[in-house]
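**Q** Right, I'll just put the structure down here and ask away after.
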Amino acid sequence: MVLRRTALSLIGSTVLVAATGCAGSGTGGSGQKTFTMSAFPTGNSMDPWKTQLSQYVAAATYDTLTHVNADGTVVPWLATSWDYSDATTLVMELRTDVVFTDGASFDAEAVKANIEYAKSVTPSNVAAQPYLAYIQSVDVVSKSKVRFNLTSSQPDLPYGFSQQAGWMVSPTALKNPSALADTAVGSGPYVLDKSATTQNKTYTFTRNKNYWATAAQWPRFEKLVVQLMTDLTASDNAARSGQIDYTTVTAGTEITGWKISEGAACAFHGFTIFDVEGTINKPLGDVRVRQAMNYAIDREAILKSVLGGHGDVNASTPFGRDSTGYTRSIDSYYSYDVAKAKRLLRQAGYPNGFSVKVLNNPQWDQMAQALAGYLRKVGIDVELSNHGDDLVQQTNSGKWAMSTSLQAVTGLPYSDFTFLMTKSSSMNPLGNSNAKVNALLAEAVSAEGAEQKRLYAELAEYAAEQAWYVIPALSSQLHAYNPDVVKVVEPERVGGPMLYHLTPVGGE
Amino acid sequence: MLRLCLRRLASVVPIMAIVATLTFLLIQLVPGDPASFLLGTGATPEQVADLQATLGLDRPALVQYGDWLGGLFRGDLGVSLVSTQTVAESLSSALPVTVSVAVLSTVFTVLVGVTLGTVAAVRGGVVDRAVMWTASIGMAIPSFWLAGMLVFAFAIRLPVLPATGYVDFAASPGEWLSHLVLPMIAVGLAGVGPVAFQTRAGVIDQLSRDYVRTLAANGLSRRRIVCRHVLRNASGPVVTVASLGFVFALGGVMVIEAIFNLPGVGTLMLSSIRQHDLPVVQGAVLAFSLIIVAVNLLTDVVAATLNPRIRFS
């Protein structure tokens, strides 16, 4: 009997001691003064120009030049106003009351220092580069006015400055950038609490007491905790147990008492055809073959089964429902028509189909397998080749005819077509260029109003016809949050809420 | 004892040299290169080559190995290619997490396994069979499934323990323990069975010895005989099984760290492999190897303490 008691106490003691020691301290969830959220890990340095930091981690400590509203409009932030004096010159007026946490002032010199550093640093934040590449030089007009001299037209640069291309780091800190590996020196709404931070895992921030923006402009939590989680199950468990107040979730997730919000459909996800000239895989050089591939897939079915119905059908053109010039007719450009697909293959000289090897990221296997399944039905034998570890190297190698891909579409057609269908596209390792796409882009960017809409609509349709992609739908991201803790400005035309869209319930 | 320790320590050097070399060679076989990863899609071959030169990756593998080994002798594990933190810094924040889980789960395994094995041996009959069945079932449960079930039961349905995360021991010992209870059980349960079986066999064997009868004849209580004498004499093989359990636990924490979002060496290694951050991967593998070698050494010392014959063999 004594032995049994000893045994039971031994077994139970470990659990009980721990349970009593923790109850109410680690599991109780956050109050409204503390906001805990999960985010996907990206880079593990606090230098936003060297690595693509989690948007939430970066936005906590660094301000951007502009902000983007939930409806997609770009609004002032560190830059108070802006104007294109000509197609390749952007002039921005800047705030004069902003100070970085190290005491340095934010001014035109700071903007110049940031852009010059961002363009020269290696390695660099790859998400910032597409916009930064347009900036040839930066001139300091006055302390509060800066001029960006562009290499060519880029009407969406103010939008780019609200994203990864807009972080402003203290110019003093940029003189010793190695210190930014684990220290953030920005002018943002929060300051990093290094003692409660584990890099690349948990970032704790406290309110920046000297922040220039008022509580009305940006109501903030007293404490912000960003937990980086790679595993969706872990973030789901953390949400269900009340450890976090905000997370991204997969379709079908329900958390008692939480709200689910759906971002705008902006993930351009499917197959990218690199080899539109047919140099690696001859059939792909024939537009009829690429069109056949698009007729062969059932977009509605893939949207429902692979994407859980969260998104919009897309005709393999980087053009969403929020894009200037969008009309519903573009969505049905490619109907699901197996007979037509086979007919086009026959006309192109491939009545028995052909084989193609596709570079595949195993993370996107579900979409890849679904598309491959449909293509096999019309005789196109797709062999998926998984390259999780060296995907970037393989993409850049130029030896692949096709790849699975997931790219963002912003709803700004000039940027979307430029970044996805011109020679400068990052997912264009073979350097394809289409004269008509380039001409329409050049025409559209200098047009205005209805004419511009018409030109972008024409471009969208032409892009669909050229079929550089096999994209069944633009998918959207789901976000779940505890409405007792955080007030979320629901995203309308953006993929998800920015940090400034997440504010305390009842205000600061 | 000192000679035993010195002999074992001397064997650590060649083992670590082999591990270090194999680690380096295996990592050379991993497809992809850090420069391409860091620069992303769209990088030109010139940009990749420039960054490779900056990072020193354009040098012959043997030269890189020599540099790395030289650094190792100076206690310098190198610098992360991605974060520019030193590898030692990265490991110093991750190692306590992994070691905490592994040590706690081993303690759990030993505590529960020895208790169950002893109860089964002493009580016999139905209790013995029930305990051994339970231990066998515990061995068959995959740790990742158990982790999910534990979270559901004790963090979601009955919210008494946190589902994810880690708190430093120095910050709050209570929270440290509470965050590690579920990972500890998830990792440790599978080891309970072998320890219980080993303990049961050892205790049954010892209970049949003459000294047990003599001690009982001298009026010692059964509990005292079992706890003071039988368990001590039966513990030799149990220590070996427990040390193997620790090594098993170290391997298991890789998956468990992901499920519980623990910032340990497993998580660090996984993200470093994904980012092609080779110095960190090398440092992490080396750290794992060092821990395993240290545990083996400790096991030998404990076994020798418990059984003096080992010291003189």
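Laboratory data are not the source of any read-out in this text; all were calculated from the coordinates shown. None of these values were measured; they are calculated from a predicted model. Virtual Cβ from ideal backbone geometry, glycine too; neighbours counted across all protein chains shown.
**Q** Can you tell me how much longer the chain between A:SER355 and A:THR122 gets when fully stretched, taken as 0.36 nm per residue apart minus their C-alpha distance, in nm with one decimal? Can you show the working numbers first?
**A** Values: separation 233, 0.36 × 233 = 83.88 nm, distance 3.93 nm.
Contour length minus the Cα-Cα distance gives 79.9 nm.
**Q** Next question, about the same structure. Residue by residue through segment A:225-232, what is 3J(HN,Hα) from phi via Karplus (6.51 cos²θ - 1.76 cosθ + 1.60, θ = phi - 60°)? Round to whole Hz and write x for glycine and proline.
**A** Values, residue by residue: 10, 10, 9, 7, 9, 8, 9, 5 Hz.
**Q** Simple spin-label model, 7 Å along Cα-to-Cβ: A:LYS143 to B:ARG74 in nm?
**A** A separation of 4.7 nm, rounded to one decimal place.
**Q** I would also like to ask the following. What is the Rg over Rh value, at two decimals, for segment A:45-89, using alpha-carbon atoms and the Kirkwood definition of Rh? Provide the component values of the computation, followed by the final result.
**A** Values: Rg = 13.3 Å, Rh = 12.5 Å.
Checking Rg against Rh, the ratio lands at 1.06.
**Q** For the pairs A:LYS282/A:LYS342; A:LYS194/A:LYS259; A:LYS143/A:LYS223, flag any whose C-alpha to C-alpha distance is greater than 26 Å.
**A** Working: A:LYS282/A:LYS342 17 Å; A:LYS194/A:LYS259 32 Å; A:LYS143/A:LYS223 33 Å.
Listed pairs above 26 Å: A:LYS194/A:LYS259; A:LYS143/A:LYS223.
**Q** Now, a different point. So which trypsin sites (Lys or Arg not before Pro) in segment A:194-287 are both in a DSSP loop and have at most 16 other Cβ atoms within 10 Å of their Cβ?
**A** Details: sites: A:LYS194, A:LYS201, A:ARG207, A:LYS209, A:ARG220, A:LYS223, A:ARG240, A:LYS259; in loops: A:LYS201, A:LYS209, A:ARG220.
Here the sparse-neighbourhood loop sites are A:LYS209.
**Q** How large is the direction-averaged shadow of the alpha-carbon convex hull of chain B, in nm²?
**A** Numbers: hull surface 83.9 nm².
If you wrap the Cα atoms of chain B in a convex hull and average its projections, you get 21.0 nm².
**Q** Taking a cut-off of 29 Å between Cα atoms, list the lysines near A:LYS145, but don't count ones fewer than 8 places away on the same chain.
**A** Output for A:LYS145: A:LYS50, A:LYS112, A:LYS119, A:LYS175, A:LYS209.
**Q** Using r as the Cβ-Cβ distance of A:TYR84 and B:ALA171, and R0 as 41 Å, what FRET efficiency do you calculate, to the nearest 0.05? Intermediate values should be presented prior to the final figure.
**A** Details: r = 52 Å, r/R0 = 1.27.
Rounded to the nearest 0.05, the efficiency is 0.20.
**Q** Please report, in whole Å³, the volume per residue of the convex hull around the C-alpha atoms of segment A:408-508. Mind showing how you got there, number by number?
**A** On the way: hull volume 14.7 nm³, N = 101.
Considering the Cα atoms of segment A:408-508, their hull volume per residue is 146 Å³.
**Q** Can you tell me what the convex hull of the Cα atoms of segment B:95-264 projects to on average, as an area in nm²?
**A** Details: hull surface 43.5 nm².
Across all orientations, segment B:95-264 yields a mean hull projection of 10.9 nm².
**Q** Treating the Cα atoms of the protein assembly as shown as identical point scatterers in vacuum, please give the log10 of the normalised Debye intensity I(q)/I(0) at q = 0.07, 0.09, 0.11 Å⁻¹, two decimals.
**A** -0.63, -0.97, -1.32
**Q** With viscosity set to 0.692 mPa s at 37 °C, what whole-number translational diffusion coefficient in µm²/s follows for segment B:187-313 from Stokes-Einstein and a Kirkwood radius over Cα pairs? Spell out each step's value before the answer.
**A** Numbers: Rh = 17.3 Å.
The diffusion coefficient I find is 190 µm²/s.
**Q** For helix B:61-73, report the angle its Cα long axis makes with the longest principal axis of the Cα atoms of chain B; keep it between 0 and 90° and round to the nearest 10°.
**A** Computed tilt is about 50 degrees.
**Q** Let me ask another. Rank by packing, highest mean first: peptides B:93-102, B:56-65, A:464-473, with packing defined as the count of other Cβ atoms within 10 Å averaged across residues. List each step's numbers first, then the result.
**A** Values: B:93-102: 23.0, B:56-65: 12.8, A:464-473: 25.0.
Top to bottom by mean Cβ count within 10 Å: A:464-473, B:93-102, B:56-65.
**Q** Find how much the distance from B:ALA61 to B:ILE15 grows on full extension, using 0.36 nm per residue of separation minus their present alpha carbon separation; answer in nm with one decimal.
**A** Values: separation 46, 0.36 × 46 = 16.56 nm, distance 2.16 nm.
Separation in residues times 0.36 nm, less the Cα-Cα distance, equals 14.4 nm.
**Q** Tell me the angle of helix B:125-140 to the major Cα principal axis of chain B, expressed in degrees between 0 and 90 and rounded to the nearest ten.
**A** The answer is roughly 0 degrees.
**Q** How many angstrom lie between the Cα centre of segment A:184-207 and the Cα centre of segment B:67-103?
**A** 22 Å
**Q** To continue, here is another question. Between beta-carbons, use under 13 Å as the cut-off and find the net charge around A:ARG240, counting Lys and Arg +1, Asp and Glu -1. Before the final figure, lay out the partial values.
**A** Working: positive: B:ARG157; negative: A:ASP236, A:ASP245, A:GLU254.
Within the 13 Å Cβ shell, the charges total -2.
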